[in-house]
Amino acid sequence: MLLRGAGLVVIAVVAGLVWFLIRHDSTPEAVAQDPVKTNPFDYKLVEGPNKSTDCVAKAYDDTKKFFQTNPCSSLARGLYTVEYGDAKALVSVVKVSMPTAAQAGQLKALTDRDGTGNVNDLVRDGTYKAAGAPKVSGDQAEYESAVTGTDVTIVLADFYAKHRDDVLLKRIATGALDLGADLH
């Protein structure tokens, strides 16, 4: 009887020890870490977001005509500066929400073609009037666009002070596509 009692005590102690180890695992819990920043640019908002639902009034040329038959759901425009080394760029980010993904794709295809117009950036329409600001819709500007569902993000970027570095400007414009998600 004594042996049975001692056996039960040993089983109880072992079970308790196992239970303790399971409940108090010594492995440290994973700590949420900030995502790795892959975009090396620090975009600073200098104007906007400027919001509207009247895309016809904010567009020009064939893009304006497109909106006359395909009204947008919403429009948000922002203007950013970014400095990298000795270069400073002005970056226009426009986010157009369309009722359908098909219309968003059509809008992107239209604005991707030269000579078809676009949505006015905040420099072109006179909203932003800073001394020395480049015309982000000028001949030297970099253009990028992307579609995500029913949203079209359009980016135009150009350097201040007639700085030229086409590779850097393309990287700045491409990185700015992510800013469309911040325009609400």
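The values are calculated or read from the model by the stated rules, or taken from the named source; none is laboratory data. What you see is a predicted model, and the numbers here were worked out from it, not measured in a lab. Don't worry about glycine lacking a Cβ; one is built from the backbone with ideal geometry, like all the others, and counts go over all protein chains shown. Heavy atoms of the whole protein, side chains included, go into the accessibility calculation; ligands, DNA and RNA do not. Shrake-Rupley method; radii C 1.70, N 1.55, O 1.52, S 1.80 Å.
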*Considering region 143-155 alone, what residues qualify as being closer than 12 Å to SER92 by Cα and of a type in the set (D, E, K, R)?*
GLU144
*Right, THR153: modelled with pLDDT of 95 or more and surrounded by 21 or more Cβ atoms within 10 Å (Cβ to Cβ) or not?*
yes
_When residues of region 156-184 are limited to those that are modelled with pLDDT under 90 and not in a helix (DSSP H, G or I), the one farthest from LYS95 (Cα to Cα)_ = LYS162
*Among the candidates ALA176, ALA181, single out the residue that is out of contact with any Lys or Arg (no Cβ under 7 Å at 6 or more places or on another chain) and open to solvent by less than 30 Å² (accessible area, probe 1.4 Å).*
ALA176
*Residues that are over 21 Å from the mean Cα position of the chain (by Cα) and exposed (fewer than 15 other Cβ atoms within 10 Å of the Cβ), drawn from region 69-90*: THR69, PRO71, GLY85, ASP86
*Go through region 126-141 and count every residue that is free of Cβ contacts under 8 Å to residues at least 40 places away in the same chain and open to solvent by less than 40 Å² (accessible area, probe 1.4 Å).*
3
*Would you point out which residue out of SER137, SER145 is in contact with a strand residue (DSSP E or B) (Cβ under 6 Å, 6 or more places away or on another chain), of a type outside the set (Asp, Glu) and more than 18 Å from ALA181 (Cβ to Cβ)?*
SER137
*asked:* Given the criterion open to solvent by 10 Å² or more (accessible area, probe 1.4 Å) and under 19 Å from GLN140 (Cβ atoms), identify the matching residue among VAL93, VAL56, VAL46, VAL123.
replied: VAL123
*For region 47-64, enumerate the residues that are more than 20 Å from the chain's Cα centre (by Cα) and on the phi > 0 side of the Ramachandran plot.*
ASP61
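One line per residue, one yes/no per condition, for (1) hydrophobic (A, V, I, L, M, F, W, C); (2) at pLDDT below 95; (3) touching a Lys or Arg at 6+ places or on another chain (Cβ under 9 Å):
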{"residue": "GLN68", "(1), (2), (3)": "no, no, no"}
{"residue": "PRO71", "(1), (2), (3)": "no, no, no"}
{"residue": "LEU75", "(1), (2), (3)": "yes, no, yes"}
{"residue": "GLY78", "(1), (2), (3)": "no, no, yes"}
{"residue": "GLY85", "(1), (2), (3)": "no, yes, no"}
{"residue": "ALA101", "(1), (2), (3)": "yes, no, no"}
{"residue": "LEU107", "(1), (2), (3)": "yes, no, no"}
{"residue": "LEU110", "(1), (2), (3)": "yes, no, no"}
